[in-house]
Amino acid sequence: MKSLRDIFNESIEFTPATFTFVGISGLEAEHIWISIPFCLMYTIIFLGNGIILHVIRIDRALHQPMYYFLAMLAFVELGVSASTMPTVLSIFLFGITDISFGGCLLQMFFMHSFTLMESDVLLAMSVDRFVAIYSPLRYTTILTIPRITGMRVAIALRSVMLMLPLLFLLKHLPFCGHNTLTHSYCLHSDLIKLPYGDTRPNSIMGLFVITSTFGLDSLFIVVSYILILHTVLGIASGGWWRALNTCVSHICAVLMYYVPMISLSLMHRFGWHLPPLLQTAMADVYLFFPPVVNPIVYSIKTKEIRNSIVRILSRKRSEV
């Protein structure tokens with residue numbers, strides 16, 4: 001009969017000290033050049049989403065439910081990008097391809113947690129648009145600051161509680177020396193390909209997380225827009241277009257989030273015969289495209305955000 005000490009020593013033996021990132025397979029010699037677009041994208045992400053957060057914070061005219069939800073979206077997108085940035089830039093700028101086992105699990109936990117939060121925030125924003133169109137006179141009395149704060153807390157807790165079991169399940173799997181990751185950051189779908197043991201609990205839990213978040217959120221978003229369309233069709237001629245136009249930015253954000261995510265999920269499950277470069281490119285599109293484009297879309301399409309940015313820039317110029 002094995003003692004607890006023997007079992008503990010075996011678990012240490014089967015746990016790799018580090019994981020190794022491939023980066024972009026076949027283009028290792030070009031990593032320094034590939035780092036340029038990555039640096040540019042991170043700059044746009046942090047600058048664009050930071051500006052959105054800044055203008056919403058200081059402009060009292062933007063202290064409304066719609067912009068509070070937009071600030072939540074900008075915050076979680078910054079969280080996703082901040083989670084991946086250390087390994088991505090280390091690989092392509094400095095050639096550092098190793099990450100500790102604990103560091104990899106931590107990165108996976110934060111990256112996926114913020115990704116789940118983003119899906120929840122997009123659902124909350126669709127509810128916000130429905131309330132604004134269905135009952136505009138009661139909009140601010142329904143979506144009060146305490147309720148929005150409660151939604152923030154619920155979104156964060158839900159994401160963290162769903163990710164914790166995946167973290168513990170991975171921690172106790174025997175990797176047996178297999179430690180090469182195909183992406184530039186730690187994805188759960190990438191990690192569960194490595195262990196020698198039974199990964200069915202991980203796959204089942206992962207499927208449950210996807211179904212209970214992305215699946216339900218996307219379903220409720222579709223239901224919200226069916227209700228929005230039903231509502232706007234009853235508005236007098238001319239008014240329905242103005243009402244629906246307030247949803248354009250959110251529809252773009254939903255498409256930019258779900259289309260790459262669904263494509264990446266299908267690739268991981270059915271695209272094993274596809275070139276690794278294509279899978280890597282889709283994973284990067286999934287993580288970088290929404291936080292790069294969303295601030296630009298909202299700044300262009302939302303007049304209040306655009307005017308606030310112009311006022312702040314004019315004020316800074318006059319002070320200089």
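Any read-out appearing in this document is the output of simple, stated calculations on the displayed coordinates, not a laboratory observation. A quick note: this is a predicted structure, and the numbers were derived from the prediction, not measured. As a convention, Cβ positions derive from the backbone with ideal geometry for all residues, glycine included, and neighbour counts pool all protein chains shown.
Remark: I133, I145 ranked as I145, I133, counting other beta-carbon atoms within 10 Å and listing the fewest first. Amide H contacts of T180: T20, each under 5 Å away and 5 or more positions distant or on a separate chain (H built 1.01 Å from N in the peptide plane; Pro and chain starts excluded). Within the shell of other residues whose beta carbon sits under 13 angstrom from the beta carbon of N202, the net charge comes to +1, with Lys and Arg scored +1 and Asp and Glu -1.
One Cα centroid belongs to the range 191-251, the other to the range 104-125; the line between them spans 14 Å.
Placing one equal scatterer on every Cα of the range 6-146 and applying the Debye formula, the log10 ratio I(q)/I(0) at q = 0.15, 0.16, 0.21 Å⁻¹ is -0.87, -0.93, -1.25. Ranked for footprinting exposure by Cβ neighbours inside 10 Å, fewest first, E304, E77 give E304, E77. The magnitude of the dipole of the range 17-319, with charges of +1 and -1 set on the Cβ of Lys/Arg and Asp/Glu and taken from the Cα centre, is near 1100 debye.
Based on DSSP loop calls and a cut-off of at most 16 other Cβ atoms within 10 Å, the longest stretch of the chain free of exposed trypsin sites (Lys or Arg not before Pro) is what?
Numbers: sites that count: K2, K193.
Free of exposed loop sites, the longest segment is 3-192.
Near S218, within a Cβ-to-Cβ distance under 13 Å, what is the net charge of the other residues, with Lys and Arg +1 and Asp and Glu -1?
Working: positive: none; negative: E118, D120, D217.
After counting each charged neighbour, the total is -3.
The alpha carbons of the range 39-85 give a radius of gyration and a Dmax of 11.3, 34 Å, in that order.
The HN-Hα couplings worked out from phi for the range 183-194 by the Karplus form 6.51 cos²θ - 1.76 cosθ + 1.60 (θ = phi - 60°) are 10, 9, 7, 8, 9, 4, 5, 7, 5, 6, 7, 8 Hz, whole numbers, x standing for Gly and Pro.
Largest first, the three principal axis extents of the alpha carbons in the range 17-319 are 64, 48, 34 Å in whole numbers. In the chain, the calculated helix contribution to ellipticity at 222 nm averages -25500 deg cm²/dmol per residue, counting -39,500 (n - 2.57) for every DSSP H run with n ≥ 4. If you sort the three axes of the alpha carbon gyration tensor as a ≥ b ≥ c, you get a/c of 1.5 or more for the range 75-184 and a/b above b/c, which makes it prolate.
Counting Cα-Cα pairs of the range 185-285 in 5 Å increments starting at 0 gives whole-percent bin shares of 2, 10, 15, 17, 15, 12, 9, 7, 6, 4, 2, 1, 0.
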